[in-house]
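A short worksheet on the structure shown next.
Values in this text are rule-based calculations from the coordinates and carry no lab data. A quick note: this is a predicted structure, and the numbers were derived from the prediction, not measured. Every residue, glycine as well, gets a Cβ built from its backbone with ideal geometry; the counts of neighbours run over all protein chains shown.
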Amino acid sequence: MSTTALSVTVRIQRFNPDVDKKPYWDEFKVEATQGKTILDALHEIKEEQDGSVTFQRSCRHAICGSCAMNVNGQNMLVCETPLREHVDRKGRITIRPLPYLPIIKDLVVDRTRFWEQYLRVKPWLIPPENIPEKEFRMSEDEVKALHDAEHCIMCGACYSSCQVVALNKSYIGPHALLKAFLRVMDPRDSAPAARLDDLDKGDGVYRCHTIFNCIDACPKKLNPTEAIETLRKLAMKRQAFEDARRERQQQLNEPIGPVPGH
Amino acid sequence: MYRSTGFLSFLLRRVTGVALVLYLLLHIWVIGGINSGADTFNSRMEFLGKPFFRVLEIGLLAAVVYHGIDGIRLLMVHYLNVTEYRKSLLYAALAVSAILVIAGGLPILLFALEG
Amino acid sequence: MRIFLMQRLTAIALLVFLTLHMVVVHYPPGHIDVSRVLDRLHDPLWKGIDIAFLFVVLVHALTGSYMVITDVERFDVYKRALAGIAVVAGVALFIYGTQTILAF
């Protein structure tokens with residue numbers, strides 16, 4: 001373990017719309033001690049050097065998604081990223097707000113469009129008519145097929161790393177498409193054909209150009225591109241998929257395989 | 001723009017695509033010379049046979065090869081589950097493209113130099 | 001969307017057509033004149049292959065151009081018009097090209 005402290009130059013993009021015409025750079029010096037995260041550094045700068053530096057954060061342990069920012073050109077959660085890992089050869093680290101979204105101030109961006117796209121795909125469960133008496137039963141394979149998509153913390157790293165979003169604001173976006181994938185693949189959801197119909201349109205699954213930035217940016221190691229490809233395949237046979245879903249839902253009440261404890 | 005290897009591949013694919021569309025239009029027009037007779041066709045071909053154009057053809061080869069190989073990479077992503085290997089696939093695509101362009105471009109270059 | 005499918009299908013077809021074209025027509029590199037072309041093209045089978053090739057490449061090129069342009073938000077509004085232009089251009093180029101092939 002290295003004990004020599006490294007003095008790092010932290011470049012932060014500043015912008016106060018009330019006062020500035022366009023963004024500019026500010027530089028601060030911070031010691032990159034062992035275990036200090038980029039968020040720790042930002043706090044230190046705000047508390048000891050410049051109280052006007054503005055950024056969003058909440059939980060500090062990678063579950064709320066508030067602190068997603070662009071560091072040295074990559075989107076990430078700064079609360080879980082050690083400062084030392086992203087110092088370049090000149091001893092600098094460059095922090096910008098998430099790209100392709102309007103800047104409110106400094107490192108805070110306006111996520112309205114992000115949320116609007118999310119709502120557009122109806123990210124809630126549309127339950128079947130026959131609600132089971134106890135719980136919905138799903139098999140382990142059915143859960144595996146979701147590829148952990150429910151781990152998404154809606155941090156915005158994927159959406160704001162996508163150049164298709166940069167070119168066209170109406171593209172639904174990897175975050176919402178991943179959520180749509182989750183709902184389409186969920187055996188409790190009763191409207192897969194309608195969902196696939198909506199995603200089939202011009203600004204949906206066919207706008208993804210497999211640039212893969214979303215996979216690289218995701219702090220939860222999720223794979224929106226793979227989800228989108230699956231949706232494309234399903235969209236081509238949506239009626240058959242929905243028929244299979246209806247059949248599946250007849251058995252939602254019944255246990256699948258051995259029930260633990262019995 | 002957000003920098004990444006994926007974006008580079010996308011950009012190259014688009015740029016080569018647009019270049020190839022323009023080339024296609026030119027190609028259709030040039031071959032159309034036959035409609036004005038064999039002499040027109042031959043004179044166009046002779047003009048385009050000059051070494052300068054032969055060298056440009058290597059560029060064309062590079063564009064076609066890259067666009068095609070990257071297209072194969074895309075088809076693999078679509079039909080197979082390869083997102084885990086996305087970076088390696090991109091490097092492989094670039095390597096294969098380079099090999100094919102050199103293999104195909106050398107005869108063209110030699111021919112241009114002797115002509 | 002059908003445009004996406006057409007792109008993909010023509011892409012696969014082009015991998016075959018283009019490889020064939022490169023090997024048959026352009027190798028070994030040499031001076032091309034009418035006689036070299038006629039050696040191949042007076043055979044109606046080759047005429048047929050070339051016409052099919054032309055069709056496939058036009059679909060791929062025009063759907064591709066359409067996608068590149070409409071990806072930019074500013075041109076999204078002109079989607080219908082752009083699609084129309086693409087179809088018209090495609091038909092015109094196909095007719096001209098086919099007639100050229102048949103003229104050999």
Potential lengthening between B:Val15 and B:Leu80 on full extension [0.36 nm per residue; Cα-Cα distance subtracted]
20.8 nm
For the pair A:Lys220 and C:Val23, how long in nm is the line joining their label points, each one 7 Å along Cα→Cβ?
4.9
Projected area, mean over directions - the protein assembly as shown, Cα convex hull, nm²
31.8
Cα-based shape type of region A:145-262, given that a ≥ b ≥ c are square roots of the gyration tensor eigenvalues and the cut on a/c is 1.5
oblate
Additional length obtainable on full extension of the chain from B:Leu60 to B:Lys87, 0.36 nm per residue less Cα span
7.2 nm
With a cut-off of 8 Å between alpha carbons and a minimum separation of six or more residues, what is the relative contact order of chain B in percent?
35
Mind scanning A:Lys36/A:Lys122; A:Lys46/A:Lys220; A:Lys22/A:Lys201; A:Lys21/C:Lys79; A:Lys144/A:Lys233 and naming the pairs with a C-alpha gap bigger than 30 Å?
A:Lys36/A:Lys122; A:Lys22/A:Lys201; A:Lys21/C:Lys79
Chain A, helix-only ellipticity at 222 nm - DSSP H runs n ≥ 4, -39,500 (n - 2.57), divided by all residues, nearest 500
-8000 deg cm²/dmol
How much net charge surrounds C:Met1 when only other residues with a Cβ under 14 Å from its Cβ are counted (Lys, Arg +1; Asp, Glu -1)?
+3
As a test of the definition: which semi-axes, in Å, follow for chain A when you take the square root of five times each eigenvalue of its alpha carbon gyration tensor? Largest first, please.
41, 22, 15
If Rh is defined by the Kirkwood formula over all Cα pairs and Rg also comes from Cα, what ratio Rg/Rh do you get for chain C?
1.06
Using a Förster distance of 22 angstrom, determine the FRET efficiency expected from the C-beta separation of C:Arg36 and C:Val16, and round it to 0.05.
0.45
Between C:Leu9 and B:Ile72, what's the calculated FRET efficiency when r is the beta-carbon distance and R0 is 25 Å? Round to 0.05.
0.95
Only helical DSSP H runs with n ≥ 4 go in: add -39500 (n - 2.57) per run for chain B, normalise by residue count and round the 222 nm mean residue ellipticity to 500 deg cm²/dmol.
-29500 deg cm²/dmol
At most 14 other Cβ within 10 Å, DSSP loop - trypsin sites (Lys or Arg not before Pro), region A:1-54
A:Lys21
Largest to smallest principal axis extent of the C-alpha atoms in chain B, angstrom:
55, 30, 28
Net charge of neighbours whose Cβ lies under 15 Å from the Cβ of A:Phe114, counting Lys and Arg as +1 and Asp and Glu as -1:
+2
Grab the other residues whose beta carbon is less than 15 angstrom from that of C:Phe94, score K and R as +1, D and E as -1, and report the net.
0
Within region A:64-170, chymotrypsin sites (Phe, Trp or Tyr not before Pro) in DSSP loop having at most 10 other beta-carbon neighbours inside 10 Å:
A:Trp124
Please compute the average number of Cβ atoms from other chains found within 10 Å of each residue's Cβ in peptide A:225-238.
2
Using only the Cα atoms, work out Rg/Rh for region A:111-161, with Rh taken as the Kirkwood radius, to two decimals.
1.07
Take the alpha carbon atoms of region B:80-115, find their center, do the same for region A:82-118, and report the distance between the two centers in whole angstrom.
36
Among B:Ala19, B:Asn35, B:Leu61, which residue has its Cα furthest toward the positive end of the charge dipole of region B:5-114, with +1 on Lys/Arg Cβ and -1 on Asp/Glu Cβ?
B:Ala19
Any DSSP H helix in chain A with Cα axial reach of 15 Å or more and mean Kyte-Doolittle score of at least -1.0? Listed by number, the hits are A:174-185, A:224-236
Treat each spin label as a single point 7 Å out from the Cα along the C-beta direction, and report the A:Asn16 to C:Gln99 distance in nm.
7.0
Taking r as the C-beta separation of A:Asp110 and A:Arg89 and R0 as 25 Å, the FRET efficiency to the nearest 0.05 is 0.15
